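Enquirer: Submitted below is the structure of interest, expressed as structure tokens.
The values are calculated or read from the model by the stated rules, or taken from the named source; none is laboratory data. Since we're looking at a predicted model, the values are computed, not measured. Counting neighbours? That spans all protein chains shown, and the Cβs are built from the backbone with ideal geometry, glycine included. Just so you know, the surface numbers come from the protein's heavy atoms only, side chains and all, with ligands and any DNA or RNA stripped out. Shrake-Rupley method; radii C 1.70, N 1.55, O 1.52, S 1.80 Å.
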Amino acid sequence: EVCHLQRRFSDAINALRPFYFAVHPDFFGRHPREREVNENSLKRLNGYLENLQKPGARSIKPANLTFYVRDTKEKADSSGSLLASGFRPVTFTLQSKDVLSTVLDVLSSCSLSVEHMQDVLKAETEKSSTQQPGIAFYCPIKWDKTYYTFTGFRDPEQELEQARRVEPTLSLWLRNNEPEATKKQNASLPRREELKRLKRELIQKLGLLDIRWQRKWGVAHKCCQLQSLGRLATQNGLNVQFFTDQSGMNASGHVMLGTMDVHHQWTKLFERLPSYRSMFQQSDWLKERISHLLGGIQVIHIERMGPALPLEEHYSTLNTFHKRLLPQRLSLHPRSMQGLTMSLENDRSTPCLHEMGHFIIPTMCDTLQLQNFLQSQAQEARRRMQRRDKLEAEEEDIISSCLQDLSLHSLCKEPSVSSSQMIPCCRRLMEERSPQMQGLHLCISHFYSVMQDGDLCIPWDWKG
């Protein structure tokens, strides 16, 4: 019976194959913003599906996801709202409590066929009374080539293999794309100056520390957002204005303004700021109490590539973990964990030590297991933190050298590019010393692209 359930779950996930083909980030190499959106949304979708298979998965929070969906049919449906680039944006909310319903919701929301799921639906109807929790998550299997012939879908493995074979060298790609980048950058110069002015004036007017963007919006789009904020500039003393996918306050205490929200929603957010500040103070108090109970370890929040963590969710996680610790009498020395850091995660079942030296602890972790893990891994954590600090210092130095040696206007990297990837990339760039990069804005990423304002994106492991 368990094998049958596993097969049913695998079939349900396998039914998402057309969806994966339509949104896979590897097909959005020339569209960095859409690629990043799909990467983040896929991580959240996979996490949602995995959580549905965990024992006792009763209170999974709804997930609001946005995908850019490719036209995967050889003949496009003229009724679809395709952008000029050949894909359309789709936003939907997952609220289903089982895998099959979630798969159906995803396919339907993206206007993809569900006909291939009839057998799975029939089996689910016949066996619904025997469903059990805790079935392991299965990745989709590789479909036979006849599937693509019959359905008209493109074979992604074949397309990816072709893309890899024709991947250009850095010098060739620069030779073909530097003129376009220079033209776009020169055209964007007035907008860049306008953006600097708007940002400087708003920071001074509102008493802000900074204004940031979670997404890589174009300069013109950023100017419009700042102009909208300026028209509502009636508040003072905020920490940081952070343009994101949703409005609120994040776990770091930054004010988030949803780029898709209307001005009325921003105004309502400003009215709620006193309550947000109070919750942020309570979160800091909980961190101090947890640190006291766990030998002086510091609770931190790691900003990830995905959607910003709302303060409400962060506070709830801290409060739940604190309540679990209180009844226990852990035998950690009051200062034994000082200098070390940890973050909390709701969707993890066992503690682990990150390669950068911080602990990742499940919110519902067994306290005795937690104590043993912290004590046994403390020395290794300090060693990894020292290595991280050394890498970050080396990375900062080599970025500065690369900027100067190549006469770049700016040099940055995507958050997903690690220090251990950035350092050899910069070394190789200085050895290559391409004159075509002079005066350009360069971003180290995982793909080649010319952004709309002339910024160049190159993969960290570019071919020479």
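Enquirer: Quick check, is S407 in contact (Cβ under 8 Å) with a residue 60 or more places away in the chain, assigned to a loop (DSSP other than H, G, I, E, B) and out of contact with any Cys (no Cβ under 7 Å at 6 or more places or on another chain)?
Expert: No; evaluated as a whole, the condition is false for this residue.
Enquirer: How about segment 450-464: which of its residues are modelled with pLDDT of 85 or more and either part of a loop (DSSP other than H, G, I, E, B) or open to solvent by 50 Å² or more (accessible area, probe 1.4 Å) (or both)?
Expert: Once the filter is applied, which keeps residues that are modelled with pLDDT of 85 or more and either part of a loop (DSSP other than H, G, I, E, B) or open to solvent by 50 Å² or more (accessible area, probe 1.4 Å) (or both), segment 450-464 yields D453, G454, D455, W460, D461, W462, K463.
Enquirer: So L195 ticks every box in (1) in a helix (DSSP H, G or I); (2) at pLDDT below 80; (3) open to solvent by less than 50 Å² (accessible area, probe 1.4 Å) but one. Which box is left unticked?
Expert: Condition not satisfied by L195: (2).
Enquirer: When you scan segment 372-382, do you find a residue that is closer than 30 Å to T169 by Cα, aromatic (F, W, Y) and touching a Pro at 6+ places or on another chain (Cβ under 7 Å), even just one? If you could, list the steps in order and put the result at the bottom.
Expert: Taking segment 372-382 as the starting set, the residues that turn out to be closer than 30 Å to T169 by Cα are none.
The answer is no, given that none of the residues of segment 372-382 is closer than 30 Å to T169 by Cα, aromatic (F, W, Y) and touching a Pro at 6+ places or on another chain (Cβ under 7 Å).
Enquirer: Can you give me the number of residues within segment 250-284 that are part of a strand (DSSP E or B), at pLDDT 80 or above and over 22 Å from Q204 (Cβ atoms)?
Expert: 1
Enquirer: Right, next: In the set V114, V166, V120, V103, which member is of a type in the set (A, V, I, L, M), at pLDDT 55 or above and over 14 Å from L16 (Cβ atoms)?
Expert: Values: V114 fails: over 14 Å from L16 (Cβ atoms); V120 fails: over 14 Å from L16 (Cβ atoms); V103 fails: over 14 Å from L16 (Cβ atoms).
Testing whether each residue is of a type in the set (A, V, I, L, M), at pLDDT 55 or above and over 14 Å from L16 (Cβ atoms) leaves just V166.
Enquirer: Do you know which of the residues in segment 226-249 that are modelled with pLDDT of 65 or more and closer than 21 Å to Q281 by Cα is most open to solvent (accessible area, probe 1.4 Å)?
Expert: S247
Enquirer: For segment 39-58, give me the residue count where each residue is at pLDDT 80 or above and over 27 Å from E414 (Cα atoms).
Expert: Here the count works out to 0.
Enquirer: Do the conditions hold for C443, that is, is it open to solvent by less than 10 Å² (accessible area, probe 1.4 Å) and assigned to a helix (DSSP H, G or I)? Step through it out loud before you land on a result.
Expert: On the way: open to solvent by less than 10 Å² (accessible area, probe 1.4 Å): yes; assigned to a helix (DSSP H, G or I): no.
Judged against the criteria, C443 is not a match.
Enquirer: When you scan segment 388-396, do you find a residue that is surrounded by 15 or more Cβ atoms within 10 Å (Cβ to Cβ) and among the basic types (K, R), even just one?
Expert: Going through segment 388-396, the residues surrounded by 15 or more Cβ atoms within 10 Å (Cβ to Cβ) turn out to be 388, 391, 394-395.
The next check asks that each one be among the basic types (K, R); those that pass are 388.
Checking segment 388-396: at least one residue is surrounded by 15 or more Cβ atoms within 10 Å (Cβ to Cβ) and among the basic types (K, R).
Enquirer: Read through the list (1) of a type outside the set (S, T, N, Q); (2) modelled with pLDDT of 80 or more; (3) over 30 Å from S331 (Cα atoms), then give the number of the only condition that E303 fails.
Expert: (2)
Enquirer: Another question, then. Starting from segment 278-294, keep only residues that are within 14 Å of S343 (Cα to Cα), then list their pairs with residues that are aromatic (F, W, Y) whose Cβ atoms are within a distance under 8 Å, requiring at least 6 positions of separation or different chains.
Expert: If the second residue must be aromatic (F, W, Y), the pairs left are S283/Y315; L286/Y315; I290/F321.
Enquirer: Okay, moving on. Please state which of the following conditions S343 fails to meet, knowing it meets all the rest: (1) of a type in the set (S, T, Y); (2) open to solvent by less than 20 Å² (accessible area, probe 1.4 Å); (3) out of contact with any His (no Cβ under 7 Å at 6 or more places or on another chain).
Expert: (3)
Enquirer: Then there is this: Determine, yes or no, whether C139 is open to solvent by 60 Å² or more (accessible area, probe 1.4 Å), modelled with pLDDT of 55 or more and either of a type in the set (A, V, I, L, M, F, W, C) or outside any helix (DSSP H, G or I) (or both). Full working, then the answer.
Expert: Details: open to solvent by 60 Å² or more (accessible area, probe 1.4 Å): yes; modelled with pLDDT of 55 or more: no; either of a type in the set (A, V, I, L, M, F, W, C) or outside any helix (DSSP H, G or I) (or both): yes.
The answer is no for C139.
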